1. For the range A:113-134, check the following and say yes or no: at least one residue is touching an Asp or Glu at 6+ places or on another chain (Cβ under 8 Å), surrounded by fewer than 17 Cβ atoms within 10 Å (Cβ to Cβ), assigned to a loop (DSSP other than H, G, I, E, B) and of a type outside the set (D, E, K, R).
2. When only residues in the range B:37-48 that are within 14 Å of chain A (Cβ to nearest Cβ) and within 26 Å of B:LEU218 (Cα to Cα) count, which is surrounded by the most Cβ atoms within 10 Å (Cβ to Cβ)?
3. Determine which member of the set B:ASP260, B:ASP285 is modelled with pLDDT of 90 or more and in contact with a Lys or Arg (Cβ under 6 Å, 6 or more places away or on another chain).
4. If A:VAL96 satisfies every condition in (1) part of a loop (DSSP other than H, G, I, E, B); (2) away from chain B (no Cβ under 14 Å); (3) open to solvent by 10 Å² or more (accessible area, probe 1.4 Å) but one, which is the exception?
5. Within the range B:109-127, how many residues turn out to be part of a loop (DSSP other than H, G, I, E, B) and over 30 Å from B:ARG4 (Cα atoms)?
6. Please state which one of A:GLU69, A:GLU42, A:GLU26 is away from every other protein chain (no Cβ under 14 Å), of a type outside the set (S, T, N, Q) and touching a residue at least 24 places away in the same chain (Cβ under 8 Å).
7. Of all residues being in contact with a Ser or Thr (Cβ under 6 Å, 6 or more places away or on another chain) and either within 14 Å of chain A (Cβ to nearest Cβ) or closer than 17 Å to B:ASP86 by Cβ (or both) in the range B:7-25, which is least open to solvent (accessible area, probe 1.4 Å)? Just the residue, please.
8. Please pick out the residue among B:SER97, B:SER81 that is under 19 Å from B:THR19 (Cβ atoms), in contact with a Lys or Arg (Cβ under 9 Å, 6 or more places away or on another chain) and open to solvent by less than 30 Å² (accessible area, probe 1.4 Å).
Amino acid sequence: MTSSAPETTFRGVVAGLYTCAIAGEEMAIRQSLTLIAGQGVEGDRYLLGTGYYSRRPHEDRQITLIEAETLESIKRDQGIDLPPEETRRNVVTRGVPLAHLVGREFRIGNTRLYGGRLNVPCKYLEDLNDRPGVFNALVNRSGLNARILEGGDIHLGDAIEALA
Amino acid sequence: MTKRLLIASRVVGLSDIATGIRRFTLRPERRELFPPSVAGSYVTVRHQSGLLRTYSLCGDADRRETFEFAVQREPDGRGGSMLFHDDIDIGDPVHVSYPIPSLVLAEDAPEHVFVAGGIGVTPFLPLALEVDRRGQRSVLHYAVRSRSQLAFLEEFAGIASLTVKVYVSSEGNRMRIDALLAGLNATAHLYACGPDRLLSAVSDACETMAVGPERIHLESFSGLDPAKARAGDPFTVNLRLSKREIAVPADKSMLQALNDAGVGVDYSCEGGVCGACRVTLVSGDVIHRDICLTDAARAETIITCVSRGRGIVTLQL
């Protein structure tokens, strides 16, 4: 048997885009984002150094993603209706198995990213949104923290695909 | 609990409504309306510099297009009031929290008696408007040092169900809490907001005159004196999750020591009032100095801006 190439058959899309300028601010709903390679999302707190975790900077926190399917699942199974902007992630994806992108490069529109590590939920999020149960609901499916390798503009509906 | 998110807003109105008192009007930037609030709520306002302060909302709680609050200039305060007076213009961005209920009206009282000292008058305009909507009555006893410090009198005069009694100490007319309580209707509820001296006087008088605690509602807007709030004997904080030990010196608050060490604890009033800097307590000999936690909450929580400890205090951080 020969080893096969990594699975790249999915093709997802950008379902939501969000930024905020300072820690704790309500996320602004955006139609497009400008990604800056090696830095972050234009206008977002983790590029500006004003985020809750900015004191502990990490190259994989340049942009964050979460699956729309996770939000649908926690609503269906646990009755927690978490609006996408309250996840505080920059990109809500549809049709993308984010866990499969850890350690791999992928594209959103014309940009190129690297899946750094799985995001872990925090009590901070639960507290900010006053939504008890969100922390436990997001364990093991809190999204992906990623690095921006090639910047550019991304838009709602842009395709997301893994690079071989 | 309330959402702790900050709402991007802009200053759309500024007016000096009495000597040293400036009224601010905010509009939300990215939403049409602010979240609903009940009369007697306060908000945390974040100045562009990053400084956070809490202020009672002084506008009608039913008007969600704007939030209004008033700030008294206090040259000897912790610096927040000076920044809000001297370094904010119309059009400037500020962030504001979701409204947090504080001095909330009793549901079924036919009469509500308000006691205000100085800038402590701010929550009583929305409260009096709400009482009026309910078809109940209110009386405001409003004490100031000089007549020029009186605010909101015109608005109060427009509320038919409200009677206002003004006490100006520089004119020899002091508010007497005992006399005020002596005339208190047996079903009336009492609400007081002002400096600690006034609140202590109200508490003491209510105890002496056997006014039940269920009928008394107090709000301190100042919290502990800033110098007292920060000082105390040195002690050590043990952070259980991050496995660190941080020394709190005699001249710093636990909050300052934690944030100086890069821990990043949220905060607002720095006077033990608002509860924004609360942290889960694991163990230790704690000296609680806040004025916002119940005894039950104190068993598992500590307010880091004012409270301290002896020896080692372990926190869930």
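1. yes
2. The extreme case among them is B:VAL43.
3. Only one candidate qualifies: B:ASP285.
4. All conditions are met except number (3).
5. Residues that pass the stated criteria total 2.
6. Going through A:GLU69, A:GLU42, A:GLU26 in turn, just one is away from every other protein chain (no Cβ under 14 Å), of a type outside the set (S, T, N, Q) and touching a residue at least 24 places away in the same chain (Cβ under 8 Å): A:GLU69.
7. If we take residues in the range B:7-25 being in contact with a Ser or Thr (Cβ under 6 Å, 6 or more places away or on another chain) and either within 14 Å of chain A (Cβ to nearest Cβ) or closer than 17 Å to B:ASP86 by Cβ (or both), then B:ARG23 is least open to solvent (accessible area, probe 1.4 Å).
8. Criteria check complete, one pass: B:SER81.
The values are calculated or read from the model by the stated rules, or taken from the named source; none is laboratory data. In this text, all values refer to a predicted model and were calculated from it rather than measured experimentally. Neighbour counts are summed over all protein chains in view; Cβ atoms, including those assigned to glycine, are modelled from backbone coordinates with ideal geometry. What goes into the accessible areas is simple: the full protein's heavy atoms, side chains included, and nothing from ligands, DNA or RNA. Shrake-Rupley method; radii C 1.70, N 1.55, O 1.52, S 1.80 Å.
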